[in-house]
Every structure is written in C-alpha cells, then in structure tokens.
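See below for the structure under consideration.
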Amino acid sequence: MKYRFSLLLIGILLLNTIQCAKRATPTGGPKDSLPPIMVNASPKMNTTFFDKEEITLTFDEFVTLKDVGKQLIISPPLSSDKYKVYPTTGASKKVNIKLTDTLFENTTYTFNFGESIIDFNENNPISYLTYTLSTGATIDSLFIRGRISDAFEKDTERFISLQLYPIDSTYKDSTVFTKKPLYVTSTLDTTIFRFQNLRAGKYAIIALEDKAGNYFFDQSVDKIGYLDRLIELPQDSIIDLNLFKERTNFFWDKPNFINDHHIAIAYYGQHDAQAFEMTSDVPDSFESLVTKNRVTDTLDYWFRGATLDSLKFKIEIQDTLRTKTVFFKDPIEDSLIIKKFTKGSLRLKSKLELESNLPVTEVDSEKIIVTNVDTIQIPAFLKIKKNYDRITVDFEVIPNDRYEIKLLPNALKDFWGRTHDTIVFRTSTKKIEDYGNIYLRVQHESPSPYIIELLNNKKVVRRYDSLMPGNKYSFELLNAGKYSVRLIEDSNGNRKWDTGNYLE
C-alpha cells in the first residue's frame, strides 16, 4: 500500500514539473509613456559670461531629434548656417549645439526646442524644453505672452513667428522687410506665444506666417499681424494680435505664346483694371478678346483675323513701361471642348452651368433640347456668362426629377466660329426633404452695415451684402453638410472685405 502511494506521489510531482516548464510569450511590461529627462547641461542652465563654442544637454535615456529645423526657435535669431545640432541621425543620450559664429555681447539667448527632442523607443517628446544663457553678467527676465487669431478665417494657422524689434535710430516701418528681429518666438503647434528673457526697452512687435522661415516679411505670401503702437517693457506683458493677408502688390509678368490665336499674360497680385497695350501693326481684320483665367493669375489674350509670326505688348514692369515681343513657335493644338461645370445634382432654384476651354461668343437656344424623366421637352435658354468661358442653361426644375440636356451642333460657337458635335449631359434634382434650411436673425449694435456669408468647407455658398428687414436672413434648400456663418462689419459700405496693409 505504501509502495503504491509513493508511486502516485512521484507521478503527481512529475506532472506538475512538466506543466511548470511549458513555454509562454513574455508580456514585455507596461508601455513607456514618460518623456526623457534632462540630467545635465554644459555649460549649466542660465550661465553668464558665456564664451564657449558648444552646448551639451544630457538625458536619462537615448533620444533622437525630430523636425528640429522647424521646432527649434533661437532668440535672438541665428541663421541656420551659424550653428549645427547633433545627432543628425540615430540616437544618443546627448544633444549638442555647435556654434559656428560669435554671439552678440551682453545678450541673453534662449533656445526653445519645442517638441523636437523625443525618446528613441516610444517617441515621447519633451515639451518645450528651453535652455538659456547670457554673454553678459545678467540673465534678462522680462516676458510677453499672448494669443494669435486670424482676422478673416475661423481657424488660425500654427507655427506663427513672433518678432520684436528694438526701437533705436535705425528702426523704420520698413525694417520688417530688411532686417532680422532682435527677439523671436513661435506659437509652434498652438495659437499661444510667449517671449521670455527679454530686456527692458521699447519695441515694435509683429506676428508673421513666415513661409520662407527667414524672419523677413514677404508681402506676396506671408500673413502679418501687428500692434499700431510701440510696446514698452516691463509695462506691457500681454499682447494679442490678428493675422491678415495683404493684397499682393500688382505687377505684370512677361507674355507667353500658347498658339497662333492665344497668348497668356501672367501677373502677380489682384487684377482690377490694370491695362496693357498690344502695339504691333495688324490689319483691319484683326480682332482680339481678353478673358481671365480661373485657375492661374493670368489674362488670356485671344485673337483672330491675321496670320502673324509675333505680337508686341507694352506693359508696366517694375514701374517702367516695357515692350515685350511674343514670337510664335511650337503651338499647342486645341479645339472647342464643352463640359458640365455643375457638379452633382442640380440644386432647386439654380441653373445648370457648362464650361468651355475656349471663349464662347455665340449661342443659339433653338439648338438645345432639354427633356425630363418623362421625356417631355422643357423650354430652355442659353446665356453666355461675363468671362466667355461658362454658359448658363436656364430651364425650370422641379424636385425629384431627371433631365437630359442635348446640345446640337451650332448651339455654341467659339470666338473663331467653330462649333461642336452633338453633346449630351444628364443631371437630376433631389427630393425637397433631402435639403435643409437655415434661418438667421442678427443682433448687431454697431451703426455700420455688415455682410453675412454662409460657408461650407471654407467656401462661400451664399452671401448677403445688404441689410434685410428685421435683420432676418434665410438660407434655403441647402445640401446636407456642416456650415458656418461669417459676419463682416462693412465700415466703408463697399460691400466687400478689405484686408489690412502694414505700411499704410
């Protein structure tokens, strides 16, 4: 009996041992969610009388750099060729800044790394690590903080540069175009900014969407915000600024040959009524037509009635009237192409629009056939829009219907009298219940008139530029979607948004 019991006990022990030796996958423990910690700085943080050529920051784990060219803000600014940051690739427990140029004397420098330093394994960033030094005896300690907002758009861009210019004998309003600021900071990926380690004095401040990253205001591409007074430290500490995009100063580019009846004249800025002149000797049969390109900042100059090898144009370039000759070579072939411009279903109370690649100058409403879902013909009329590149097809539409639009040859003719083959387009309308309505009442205490704009995906879909009885506005038969409303206080009553101008 004891012998059997001993065998049973040995068997149980062996079975437990085998089960305990089964293979299992290790869990790896909890995920690291903590950012690296800086454990040493050489020279030390807030050092004075700085005279070294290199700064070394040491961390408690391996780190790497991400977007350091965009995230690192040095104030006063150093151009990228005046310093180098390591490691450029791979990982290290140290981040080194090697200075290749002499710093200003008696100046406090701030290095704000943003979120460019991340741990190597889990990409946890150190948020806004700042290193400060002084080439003089003291660390400047004054600050300015504030918020940036866009004067026209609902959402404000990120990574806005904030720039301070000391007011001295060299400062002018044009300094922002020609001279780098003394102090800079950035909103980084927020709309909030903070200058720190500033010295007492008077300053001009601007906010800049600095597309080129060069700290200069490029009027053609950058947005700018400014304060119409000087700030003085330590009195001023909280400053809010509005960004706006100036109208680009208008100027012509040189004309370009497209083909033997088409020349493109590019320009920069907003074309209103700025004129150019064709100065070539041409026969009396010569005719021309000018349209505005809807894709690029270009005027299209179309012509007919002469066989030529060049044309001359007199245009103003950099405040000087110049004559530019366009020689004809390597033409791009084209023919009249008509497409449907109205996308998706046809909204009730709206008109179907067609678009043309060439200017359309003649229409014949007798050569259009519009039928509904029951193949009943509906009266329709064609009308050329102002720029000669779009045509309105006007016919009565009702909810939940389908339409076929047939253009017979000669329904449309371009500037040269050419037409098209038979073209068929189809469109439809939705049920009434598929649309939505917005009714708005505005409480506006200012004596100025205002403009109301309804936007969908930043695009203006409806607009009122005059006051309505009772300040009530209706936006009916809207497609499903998310909308926002913009109110523009129209102080000068010209029924449009007027942007700012920094110099004026």
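Annotations for the structure displayed:
- Pick from the range 308-322, criterion in contact (Cβ under 8 Å) with a residue 12 or more places away in the chain and under 35 Å from the mean Cα position of the chain (by Cα), ranking: surrounded by the fewest Cβ atoms within 10 Å (Cβ to Cβ): 318
- The residues of the range 431-456 that are free of Cβ contacts under 8 Å to residues at least 24 places away in the same chain and outside any helix (DSSP H, G or I), listed by number, are 445, 447.
- Just one of the listed residues (119, 168, 173, 150) is of a type in the set (Asp, Glu), surrounded by 15 or more Cβ atoms within 10 Å (Cβ to Cβ) and not assigned by TED's automatic domain parsing to the domain that holds residue 80, and it is 150.
- Residue 127 fulfils the conditions (1) under 28 Å from the mean Cα position of the chain (by Cα); (2) polar (S, T, N, Q); (3) under 24 Å from residue 243 (Cβ atoms) except for a single criterion, (3).
- Residues in the range 145-189 that are aromatic (Phe, Trp, Tyr), more than 21 Å from residue 70 (Cα to Cα) and over 25 Å from the mean Cα position of the chain (by Cα): 165, 171.
- Set 139, 97: member being over 25 Å from residue 216 (Cβ atoms) and more than 28 Å from the chain's Cα centre (by Cα): 139
- Single residue of 342, 325, 291, 371 found to be among the hydroxyl-bearing types (Ser, Thr, Tyr), touching a Leu at 6+ places or on another chain (Cβ under 8 Å) and under 30 Å from residue 435 (Cα atoms): 342
- Taking the criterion of being within 18 Å of residue 425 (Cβ to Cβ) and surrounded by 14 or more Cβ atoms within 10 Å (Cβ to Cβ), the residues of the range 327-344 that qualify are 336, 338, 340, 341, 342.
- Filter pass, residue 494 being without any contact (Cβ under 8 Å) to a residue 12 or more places away in the chain and under 30 Å from the mean Cα position of the chain (by Cα): yes
- Counted residues, the range 180-197 - those being among the polar types (S, T, N, Q) and assigned to a strand (DSSP E or B): 4
- Of all the numbered requirements in (1) closer than 20 Å to residue 341 by Cα; (2) touching a Gly at 6+ places or on another chain (Cβ under 8 Å); (3) of a type outside the set (Val, Ile, Thr), residue 449 misses one, and that requirement is (1).
- When residues of the range 235-287 are limited to those that are within 30 Å of residue 146 (Cα to Cα) and among the basic types (Lys, Arg), the one farthest from the chain's Cα centre (by Cα): 247
- Residue ID - surrounded by the fewest Cβ atoms within 10 Å (Cβ to Cβ), chosen from residues in the range 468-504 that are among the hydrophobic types (A, V, I, L, M, F, W, C) and touching a strand residue (DSSP E or B) at 6+ places or on another chain (Cβ under 8 Å): 480
- If the condition is being among the charged types (D, E, K, R) and touching a residue at least 24 places away in the same chain (Cβ under 8 Å), then the range 196-227 contributes 199, 202, 209, 210, 223.
- Residue check for residue 382: surrounded by 15 or more Cβ atoms within 10 Å (Cβ to Cβ) and either farther than 30 Å from residue 261 by Cβ or touching a helix residue (DSSP H, G or I) at 6+ places or on another chain (Cβ under 6 Å) (or both): yes
- Test: residue in the range 259-269 that is out of contact with any helix residue (DSSP H, G or I) (no Cβ under 8 Å at 6 or more places or on another chain), at pLDDT below 95, under 23 Å from residue 157 (Cα atoms) and outside the structural domain of residue 385 (by TED's automatic domain parsing): yes
- Checking 358, 354 one by one, the residue that is more than 14 Å from residue 423 (Cα to Cα), among the hydrophobic types (A, V, I, L, M, F, W, C) and within 33 Å of the chain's Cα centre (by Cα) is 358 and no other.
- Residue 82, sole failed condition from (1) closer than 30 Å to residue 165 by Cα; (2) surrounded by 19 or more Cβ atoms within 10 Å (Cβ to Cβ): (2)
The values are calculated or read from the model by the stated rules, or taken from the named source; none is laboratory data. In this text, all values refer to a predicted model and were calculated from it rather than measured experimentally. Cβ atoms come from the backbone with ideal geometry, glycine included; neighbour counts cover every protein chain shown.
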